[in-house]
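These notes are about the structure you will find just below.
What follows draws every value from the coordinates through simple rules; no lab data is involved. Values in this document were obtained by computation on a predicted structure and should not be read as measured data. Glycine gets a Cβ as well: all are built from the backbone with ideal geometry, and neighbour counts include every protein chain shown.
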Amino acid sequence: MATRPIGIRPDQQPERLDQCRRCLLWEAATQAVPGAGPQHAPLMLVGEQPGDHEDLQGKPFVGPAGALLDQALDEAGVDRSRVYVTNAVKHFKWEPRGKRRMHKTPAQREVDACHYWIERELAEHDPKVVVALGVTALKSILQKPAVKLQASMGVAIKHDGRLVIATFHPSYALRSPDAETRESAYRAIVEAFRHAHQLIEKHAP
Ligand code: URA
């Protein structure tokens with residue numbers, strides 16, 4: 001008999017995000033962080049999971065990664081107030097280091113458990129283009145745990161009637177040790193936003 005990973009409850013199908021107990025990440029988080037943005041935004045950005053700032057404020061991409069995201073959107077000519085921004089995982093996963101809460105990458109079972117919410121967001125907002133920020137988001141959106149980020153970049157991938165564009169996570173462009181990698185990652189993010197914007201304009205009614 002297949003065993004279910006400890007703490008994963010696919011049978012739990014909550015109506016509201018704050019009721020979610022589909023995995024155990026809620027226990028150490030301050031709150032679940034829902035997506036934010038207009039109902040009919042043609043562009044959806046999907047990150048990995050809330051960070052420390054997002055966990056405290058209850059909004060996605062409001063910390064340093066959010067500042068870089070805003071800068072890249074601005075440079076690409078995309079207005080953030082017209083974009084729906086969310087995460088593949090809705091609770092902050094962290095481990096203590098001294099007094100700090102350090103980000104911990106979510107396990108695939110947690111990403112899978114949280115796909116329940118992304119599916120609902122895709123159905124509700126029906127974006128034309130989704131930009132996956134990093135490999136966790138890409139795996140969740142495409143439902144392909146083995147997909148590789150760099151091999152997926154630079155093209156629009158058709159998936160479930162919409163287009164998916166993969167790029168680096170803003171934290172990679174912030175925290176890579178060398179300046180050249182940070183700059184080229186930032187450029188790739190701007191390029192992905194421009195590409196998404198062009199596709200939306202091209203297919204605008
Ligand atoms: N990183 C993410 O992936 N999402 C956020 O909301 C903030 C940081």
(Q) Rounded, prolate or oblate, given the Cα gyration tensor of the stretch 110-204, with a/c below 1.5 counting as rounded? (A) oblate
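Once you list every other residue whose beta carbon is under 15 Å from the beta carbon of Y186, what net charge do they have if Lys and Arg are +1 and Asp and Glu are -1?
Values: positive: R175, R182, R187, R194; negative: D70, D74, E75, D178, E180, E183, E191.
With Lys, Arg at +1 and Asp, Glu at -1, the neighbours total -3.
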Q: Provide, as a two-decimal number, the C-alpha radius of gyration of the chain over 2.2 N^0.38 Å, N being how many residues it has.
A: 0.99
Q: Beyond 30 Å between alpha-carbons counts as too far, so tell me which of K90/K158; K99/K144; K90/K128; K104/K202; K128/K148 fall in that bin.
A: K99/K144; K104/K202
Q: As a check on your grasp of the helix formula, calculate [θ] at 222 nm for the chain: sum -39500 (n - 2.57) over DSSP H runs of n ≥ 4, divide by the residue count, round to the nearest 500.
A: -11500 deg cm²/dmol
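How would you classify the stretch 1-46 from its alpha-carbon gyration tensor, with a ≥ b ≥ c the square roots of the eigenvalues: rounded for a/c under 1.5, else prolate if a/b is greater than b/c, otherwise oblate? Please list the in-between numbers first.
Working: a/c = 2.60, a/b = 1.87, b/c = 1.39.
Prolate.
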Q: Choose one answer from P14, P127, P34: the residue with the largest mean-square fluctuation in a GNM of the chain with alpha-carbon springs under 10 Å.
A: P14
Q. Label 7 Å along Cα→Cβ of D11; the stretch 17-60 residues with amide nitrogen under 16 Å?
A. 21-23
Q. Top mean-square fluctuation among T136, T181, T167, Gaussian network model of the chain, C-alpha springs under 10 Å?
A. T181
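Would you work out the relative contact order for the stretch 17-202, in percent, from Cα pairs under 8 angstrom that are 6 or more residues apart?
Numbers: 340 pairs, mean separation 45.0, N = 186.
Rounded, it is 24 percent for the stretch 17-202.
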Q) GNM on the chain, C-alpha springs below 10 Å: top fluctuator among R109, R187, R175? A) R175
Q: For the stretch 67-111, state the average projected area of the convex hull of the C-alpha atoms over all orientations, rounded to one decimal in nm².
A: 4.6
Q | 15 Å beta-carbon shell around Q39, net charge (K/R +1, D/E -1) | A | 0
Q.
If neighbour count is taken as other Cβ atoms inside 10 Å, put I141, I8 in order from fewest to most.
A. I8, I141
Q. Gap in Å between the Cα centre of the stretch 178-202 and the Cα centre of the stretch 71-108?
A. 17
